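What follows is a set of notes on a single structure, which appears directly below.
The values are calculated or read from the model by the stated rules, or taken from the named source; none is laboratory data. Just so it is clear, the structure is predicted and the values come from calculations on it, not from any experiment. When we count neighbours, we look across all protein chains shown, and the Cβ atoms used for this are built from the backbone with ideal geometry, even at glycine. Heavy atoms of the whole protein, side chains included, go into the accessibility calculation; ligands, DNA and RNA do not. Shrake-Rupley method; radii C 1.70, N 1.55, O 1.52, S 1.80 Å.
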Amino acid sequence: MTLMRWVLIYAVTSALIFVGIFSINAERRSHFGKVGEVSEGVVTALTCDDHATLAYAYTHDGRTYSGADLSPDDCPTYRVGQTLPIWITRGHPERSRLSDPGDMLAKDREDALFGAAFLGFFLVLAARLGLKRRR
């Protein structure tokens with residue numbers, strides 16, 4: 001096969017993988033962005049080692065809720081008792097996140113694109129090696 005065919009196969013494979021990976025979270029994240037609202041939470045506990053979990057509590061319509069999220073980047077900057085913005089889902093205030101849904105979508109796009117390129121490279125390499133063995 002010519003180099004151009006391999007480039008085309010790689011591009012198509014990468015694009016298909018990108019679309020598949022991104023679509024897994026995109027609908028859920030965009031829905032959260034549409035029905036989410038910002039609220040104020042208070043840090044209740046921090047576990048900065050291992051998985052860097054940040055636990056928080058927040059009040060919505062007179063009820064107190066709690067949540068926890070992985071936050072390796074934010075963990076050292078927060079202290080117990082400090083306020084922080086959180087996202088809650090309208091109609092289901094028990095569902096909350098630390099990250100802005102728009103930021104999460106952007107990160108998902110980057111991760112999916114990198115994953116697609118990485119996996120696509122190995123799929124093309126495997127196909128190429130398989131063709132060489134047949135000869």
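Rundown of residues vs (1) aliphatic (A, V, I, L, M); (2) buried (at least 16 other Cβ atoms within 10 Å of the Cβ); (3) modelled with pLDDT of 75 or more, yes/no style:
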| position | (1), (2), (3) |
| --- | --- |
| ASP74 | no, yes, no |
| VAL80 | yes, no, yes |
| PRO85 | no, no, yes |
| HIS92 | no, no, yes |
| MET104 | yes, yes, no |
| ALA112 | yes, yes, no |
| PHE121 | no, no, yes |
| ARG134 | no, no, no |
Does VAL7 satisfy the criteria of being out of contact with any His (no Cβ under 9 Å at 6 or more places or on another chain), more than 24 Å from TRP87 (Cα to Cα) and either modelled with pLDDT of 75 or more or open to solvent by 70 Å² or more (accessible area, probe 1.4 Å) (or both)?
-> yes
Output for the range 23-45, where each listed residue is under 28 Å from ASP111 (Cα atoms), at pLDDT 80 or above and either loosely packed, with under 14 Cβ neighbours inside 10 Å or touching a helix residue (DSSP H, G or I) at 6+ places or on another chain (Cβ under 6 Å) (or both) = GLU37, VAL38
When the residues of the range 54-72 are filtered to those that are open to solvent by less than 60 Å² (accessible area, probe 1.4 Å), out of contact with any helix residue (DSSP H, G or I) (no Cβ under 8 Å at 6 or more places or on another chain) and under 12 Å from LEU98 (Cα atoms), which remaining residue is modelled with the lowest pLDDT?
-> SER71
